[in-house]
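To start, the structure itself, in structure tokens.
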Amino acid sequence: MTGTAKPQRAVPVRATTSGSFDADSDYCGGFAIDLPSRNEGSTEQWARTILEGAPVALRWFIVAGWRFVLGLRLGPRHSTEHILGWRITRRLHDETVLEVRSAFLTAHLVFDRDGSRLVWSTFVRYDRRIAALIWPPVSLLHRRIVPYTLARAAPRVST
């Protein structure tokens, strides 16, 4: 079922030198998509296609939510060290880790190749109590947008 995002029961994250985020996180969520059979694209290419290649209206909606609802401190959007404002903290062919912070939470996006699947895992740590009030309703949108953007990106990454 290439091109169909499907939720995962467990967040599949390999142990990395940057650490496993699930033990530290108040929210963990993961979605996966089957990759085209001969796809050799890096996880960074996938992350860029998924986030930066989303439809303009959706991208503006997402960035506005990140900035004005979550207060995320996004970096330059057109930087090789950032993907749509998220700082790249780990860059391997089969794993890309992005990080961003606000005044009340820290978030990581992990794009990981797991065999013939690409897994997008999200980890949010509440740094202040207010995050426990703000993130849960935002996560409802997050859990809708992630599978949509994954499925939409599948045919656009070169094989």
Somewhere in region 46-56, is a residue of a type in the set (S, T, N, Q), at pLDDT below 95 and within 16 Å of the chain's Cα centre (by Cα)? yes
Taking region 75-97 and the residues there that are closer than 17 Å to Ala54 by Cα and at pLDDT 95 or above, the one that is surrounded by the fewest Cβ atoms within 10 Å (Cβ to Cβ) would be His82
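Residue-by-condition table, conditions (1) modelled with pLDDT of 55 or more; (2) over 23 Å from Gly85 (Cβ atoms):
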| residue | (1), (2) |
| --- | --- |
| Thr2 | no, yes |
| Pro7 | no, yes |
| Arg14 | no, yes |
| Ser18 | no, no |
| Phe21 | yes, no |
| Ser25 | yes, no |
| Gly30 | yes, no |
- Item | Verdict on Trp46 being within 16 Å of Trp120 (Cβ to Cβ), touching a residue at least 40 places away in the same chain (Cβ under 8 Å) and aromatic (Phe, Trp, Tyr) | yes
Cys28 fails exactly one of (1) in a helix (DSSP H, G or I); (2) in contact (Cβ under 8 Å) with a residue 60 or more places away in the chain; (3) closer than 21 Å to Leu105 by Cα, namely (1)
Taking region 49-66 and keeping only residues that are hydrophobic (A, V, I, L, M, F, W, C), without any contact (Cβ under 8 Å) to a residue 40 or more places away in the chain and surrounded by 14 or more Cβ atoms within 10 Å (Cβ to Cβ), one is left with Phe61, Val63, Trp66
**Prompt:** Going by the structure shown, is Ala107 in contact (Cβ under 8 Å) with a residue 12 or more places away in the chain and more than 18 Å from Ile50 (Cβ to Cβ)?
**Reply:** no
Picked from region 103-144 (must be surrounded by fewer than 22 Cβ atoms within 10 Å (Cβ to Cβ) and of a type in the set (Ser, Thr, Tyr)), the residue farthest from Glu44 (Cα to Cα) is Tyr126
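The values are calculated or read from the model by the stated rules, or taken from the named source; none is laboratory data. Just so it is clear, the model here is predicted, and its values are computed rather than measured. Cβ atoms come from the backbone with ideal geometry, glycine included; neighbour counts cover every protein chain shown.
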